[in-house]
Every structure is written in structure tokens, then in C-alpha cells.
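Enquirer: Pasting in a structure now, in C-alpha cells, and then I'll have a few things to ask.
The values are calculated or read from the model by the stated rules, or taken from the named source; none is laboratory data. Only a predicted model underlies this, so the values are computations on that prediction, with no experimental measurement involved. Cβ sites come from the backbone with ideal geometry, for glycine too, and all protein chains shown count toward neighbours. Ligands, DNA and RNA are excluded from the accessible area calculation, which covers all protein heavy atoms including side chains. Shrake-Rupley method; radii C 1.70, N 1.55, O 1.52, S 1.80 Å.
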Amino acid sequence: MKNALWFLLGIVGGFVAAHFLNKDPRGAEVLADIDARIDEFVDRIGEAYRLEEARRSPSGDTPAL
């Protein structure tokens, strides 16, 4: 139970820190850069998944999104 409390406190602390960081123009720029990197990573993973799914598909057709 104690570990769950620390986990929740860490999450809340992270949101509070991100809120204050986002108020500063330089901090907002850092957060925007992090968001762009995450989006790029997610796009690459999605593309790799779709390519692998198409490769394993018996008909070779790509699935509709």
C-alpha cells in the first residue's frame, strides 16, 4: 500500500511540475519538443506494425485504418 501511495504522489508531482514548466516559454518549448519526439516514435511504431501485419497477411492487402 505504501508503494502505491509513493507511485501516486510521483504521478501528481510530475503533473504539477509539467504545469509549472509549461507556464515558462522556454519550458513550453522543451515540452513541445518532447511531445514531437513522442509523436514521431509512435508514428514509427505504428508504421512498423502495419508493415508487419501486411507482411503476415495471406492476401498481402493492407488493412483499412
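Enquirer: Could you list all residues from the range 11-61 that are of a type in the set (F, W, Y) and within 17 Å of the chain's Cα centre (by Cα)?
Expert: Across the range 11-61, the qualifying residues are F15, F41, Y49.
Enquirer: List every residue pair whose Cβ atoms sit under 8 Å apart, with the two residues 6 or more apart in sequence or on different chains, where the first one lies in the range 19-32 and is without any contact (Cβ under 8 Å) to a residue 40 or more places away in the chain and the second, anywhere, is polar (S, T, N, Q) and open to solvent by less than 100 Å² (accessible area, probe 1.4 Å).
Expert: As it stands, the answer is A28/N22; L31/N22, since those pairs meet every condition given.
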